[in-house]
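**Student:** Next up is a structure, given as C-alpha cells.
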Amino acid sequence: MTIEKNKIQERIPTYVHNVADVLISNNFQAFLVGGAVRDLVMDRDPKDYDIATDALPEQMEAIFPRCITTNARFGTVLVIMESEKDERFDVEVTTFRKEQDYYGGRWPGKVEFATDISVDLSRRDFTINAMALDLKKLAEFDASSEEYFIDPFGGTNDLHEHVIRAVGKAEERFSEDGLRAFKACRLASELEFSIDENTFKAIPASLPVAKMISMERIRDE
C-alpha cells in the first residue's frame, strides 16, 4: 500500500500542523497516531486527530497557552487551537506511555511515560491503529517513507488484506480493555474487513471484562 507523502501532508489540517510545530520548535517529538493515520492511508477523511509526543504534561502546559489538563495524570492534554476565522479546534496530545494493572474493564492502574514512539504503539489495540506519522520528518522535503511512516506491527499489510488483527497477544489486549471486543466487530463492519482468526477466538474469553463496561460506552461503540 503506497503512502503518498504530499497527499497525506496536504490532508492534515493546518491546526494539527500548528500543534506539531509548537512541539517541534520546543525540541519535542510530534507523531500523528491512531485512527487518523489509518484513515489517511485509506484515503478517508479522519474524524479527529491525536498527537503523541515525548513532552510531559507539565511541559505541554508550559508551551500551549490554551489547553485543558483534566487527564494530565494519564499523559493527555487537550490543546485548543483557533484559526484565522476564530474557529476552535481541539487536539489531544498525549505523552508516549505504557500501561499496566488495568481495572474497571478498561482503565490503566499504572501509567509510565516513555521517550520512544514504538513503546507507545505497542500498547494500542489493533495493528491498523498502531501506525504513526512523524510530523517533523513528514515536513522535510527529502524524507523517505521509511523515515516518516512508522508501522512496527504490519498495519499497512493488514489494511491491504482487509484484516482486523490485535497488536501482540489478542487475549492480553482484550483483557486490558473490555470495549476492544466490541470495537473489533464495529471496525470489521464499518470497514468491511474480516477479523483475524486468533483475534476472533480471543473475544469470548474477554466477555467477563466486556460486561464491566457501561452500557453507554457499549452503545456508542
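**Student:** Give me the 1.4 Å probe accessible area per residue for the chain, excluding ligands and nucleic acids, in Å².
**Tutor:** Each residue of the chain exposes 53 Å² on average to a 1.4 Å probe.
**Student:** Can you work out D for the range 74-157 in µm² s⁻¹ from Stokes-Einstein, where Rh is the Kirkwood radius over C-alpha pairs, the temperature is 37 °C and the viscosity is 0.692 mPa s?
**Tutor:** After rounding, the answer is 218 µm²/s.
**Student:** Could you give the length gained on full extension between Arg73 and Thr115, defined as 0.36 nm per residue of separation minus the Cα-Cα distance, in nm?
**Tutor:** Full-extension gain reported as 13.5 nm.
**Student:** Which value, in nm² and rounded to one decimal, describes the direction-averaged projected area of the C-alpha convex hull of the range 1-48?
**Tutor:** The directionally averaged projection comes out at 3.5 nm².
**Student:** Could I ask something else about it? Could you work out the relative contact order of the range 1-148, using alpha carbon pairs under 8 angstrom and six or more residues apart, expressed as a whole percent?
**Tutor:** 24
**Student:** For a quick size check, give me the Cα extents of the range 94-203 along its three principal axes, largest first, whole Å.
**Tutor:** 44, 35, 19
**Student:** Name the lysines eligible as straight-distance cross-link partners of Lys85: C-alpha to C-alpha under 23 Å, and not fewer than 8 places from it in the same chain.
**Tutor:** Here the lysines satisfying the reach criterion relative to Lys85 are Lys47.
**Student:** Divide the volume of the convex hull of the Cα atoms of the range 103-143 by its number of residues and quote the answer in cubic angstrom per residue.
**Tutor:** 91
**Student:** For the chain, take the convex hull of the Cα atoms, compute a quarter of its surface area, and give me that in nm², please.
**Tutor:** Here the figure is 12.3 nm², rounded to one decimal.
**Student:** If you average the C-alpha positions of the range 36-74 and of the range 82-124 separately, how far apart do those two centres end up, in angstrom?
**Tutor:** After rounding, the separation between the Cα centres reads 8 Å.
**Student:** Hey, any idea what % of the range 91-139's accessible area is carbon plus sulfur with a 1.4 Å probe?
**Tutor:** Carbon and sulfur atoms account for 44 percent of the accessible area of the range 91-139.
**Student:** Student exercise: in the range 125-221, how many lysine pairs 8 or more apart or on different chains have Cα atoms under 25 Å apart?
**Tutor:** For the range 125-221, qualifying lysine pairs total 6.
**Student:** Now for a separate question. How long are the semi-axes of the equivalent ellipsoid of the range 1-132, defined as square roots of 5 times the Cα gyration tensor eigenvalues? Whole Å, largest first.
**Tutor:** 23, 20, 13
The values are calculated or read from the model by the stated rules, or taken from the named source; none is laboratory data. These numbers were taken from a predicted model, which means no experiment stands behind them. With ligands, DNA and RNA removed, areas are computed over all heavy atoms of the protein, side chains included. Shrake-Rupley method; radii C 1.70, N 1.55, O 1.52, S 1.80 Å.
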